[in-house]
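Engineer: Right, I'll just put the structure down here and ask away after.
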Amino acid sequence: MMDAVRARIRDVPDFPQKGIVFKDITPALSDPAIFREVIDAFIARWKGERIHKIVGIESRGFLFAAPLAYALGAGLTVARKPGKLPWQTIREVYALEYGENALELHVDAVGPGERVLVVDDVLATGGTADAVGRLVARQGAELVSFSFLVELSFLHGARRLGPERVHSLITY
Ligand SMILES: O=P(O)(O)OC[C@H]1O[C@H](OP(=O)(O)OP(=O)(O)O)[C@H](O)[C@@H]1O
Ligand SMILES: Nc1ncnc2[nH]cnc12
């Protein structure tokens, strides 16, 4: 299981800067059978978990959050880079494997009583997902888990997020 998907994720050395080995997921998306296998695996993990809303993280997280929300019958919302969301927002700053950034969420994106799943393509240091977890918590929603296609375990992002609330389809 997942071996065919793993085979379609390629390493790109020194992208976007020297010393980073970038996991390029685009070959896994462009093959229809592989893309289906990925989305079906996310669905299999989260169906029956009463997820009310999925937060997709800009930008590659959107690719998985949207079909998963559709399949689960959950709502979809987005955590975006600063200045992209038109309504009133809250913001959290975070350090990335390569730099620093911030993410925003609409104030009414999630709220009390909602079971929320945060979805992204890659878990590296966990800084990005942790920031989104803080945004969700600030709005009083219940953060059920974080779910990723790829986890780079040597960067210990799961330790940072809390291993019991981290799910990954493929681990390196
Ligand atoms: O665990 P971390 O160390 O925080 O890194 C993981 C994040 O980095 C990448 O996003 P990036 O900021 O490159 O944005 P993109 O998806 O728009 O390319 C990736 O898609 C994750 O969101
Ligand atoms: N090495 C990596 N490959 C792909 N996405 C990433 N996001 C952060 N680090 C990454």
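The values are calculated or read from the model by the stated rules, or taken from the named source; none is laboratory data. These numbers were taken from a predicted model, which means no experiment stands behind them. As a convention, Cβ positions derive from the backbone with ideal geometry for all residues, glycine included, and neighbour counts pool all protein chains shown. Protein only, heavy atoms only, side chains kept; ligands, DNA and RNA dropped before computing areas. Shrake-Rupley method; radii C 1.70, N 1.55, O 1.52, S 1.80 Å.
Engineer: Report yes if residue 113 is open to solvent by 20 Å² or more (accessible area, probe 1.4 Å), more than 16 Å from ligand 1 (Cβ to nearest atom) and on the phi > 0 side of the Ramachandran plot, otherwise no.
Structural biologist: In short, yes.
Engineer: Separate question: Can you tell me which residue in segment 65-74 is least open to solvent (accessible area, probe 1.4 Å), limited to those that are within 21 Å of residue 130 (Cα to Cα) and without any contact (Cβ under 8 Å) to a residue 24 or more places away in the chain?
Structural biologist: By that ranking, first place goes to 69.
Engineer: If you don't mind, there's one more thing I want to ask. Looking at (1) buried (at least 18 other Cβ atoms within 10 Å of the Cβ); (2) aliphatic (A, V, I, L, M); (3) within 10 Å of ligand 1 (Cβ to nearest atom), which is the only condition residue 95 fails?
Structural biologist: Residue 95 satisfies all of (1) buried (at least 18 other Cβ atoms within 10 Å of the Cβ); (2) aliphatic (A, V, I, L, M); (3) within 10 Å of ligand 1 (Cβ to nearest atom) except (1).
Engineer: Also, I was wondering about something else. Taking the condition of being more than 17 Å from residue 59 (Cα to Cα) and in contact with an Asp or Glu (Cβ under 7 Å, 6 or more places away or on another chain), how many residues in segment 10-32 meet it?
Structural biologist: 4
Engineer: Additional query: If I filter segment 86-123 down to residues being modelled with pLDDT of 95 or more and among the small types (Gly, Ala, Ser), which single residue comes out as nearest to residue 62 (Cα to Cα)?
Structural biologist: 109
Engineer: For segment 19-37, give me the residue count where each residue is basic (Lys, Arg) and more than 16 Å from ligand 1 (Cβ to nearest atom). Steps first, answer last, please.
Structural biologist: Within segment 19-37, the subset basic (Lys, Arg) is 23, 36.
Right, trim to more than 16 Å from ligand 1 (Cβ to nearest atom) and you get 36.
Within segment 19-37, residues that are basic (Lys, Arg) and more than 16 Å from ligand 1 (Cβ to nearest atom) number 1.
Engineer: When you scan segment 6-31, how many residues do you find that are among the basic types (Lys, Arg) and over 13 Å from residue 150 (Cβ atoms)?
Structural biologist: The initial filter retains those residues of segment 6-31 that are among the basic types (Lys, Arg), namely 6, 8, 10, 18, 23.
Then keep just the ones that are over 13 Å from residue 150 (Cβ atoms); that gives 18.
Qualifying residue count, segment 6-31: 1.
Engineer: So, in segment 34-64, how many residues would count as being open to solvent by 70 Å² or more (accessible area, probe 1.4 Å) and among the small types (Gly, Ala, Ser)?
Structural biologist: 1
Engineer: Is it the case that residue 47 is within 15 Å of ligand 2 (Cβ to nearest atom) and either under 19 Å from the mean Cα position of the chain (by Cα) or not hydrophobic (A, V, I, L, M, F, W, C) (or both)? Even if it seems obvious, please write down each step before you answer.
Structural biologist: Numbers: within 15 Å of ligand 2 (Cβ to nearest atom): no; either under 19 Å from the mean Cα position of the chain (by Cα) or not hydrophobic (A, V, I, L, M, F, W, C) (or both): yes.
Considered against the rule, which asks whether it is within 15 Å of ligand 2 (Cβ to nearest atom) and either under 19 Å from the mean Cα position of the chain (by Cα) or not hydrophobic (A, V, I, L, M, F, W, C) (or both), residue 47 comes out as no.
Engineer: Something else now. Could you grab me the full set of residues in segment 75-92 that are open to solvent by less than 40 Å² (accessible area, probe 1.4 Å), among the small types (Gly, Ala, Ser) and away from ligand 2 (no atom under 15 Å from the Cβ)?
Structural biologist: 75
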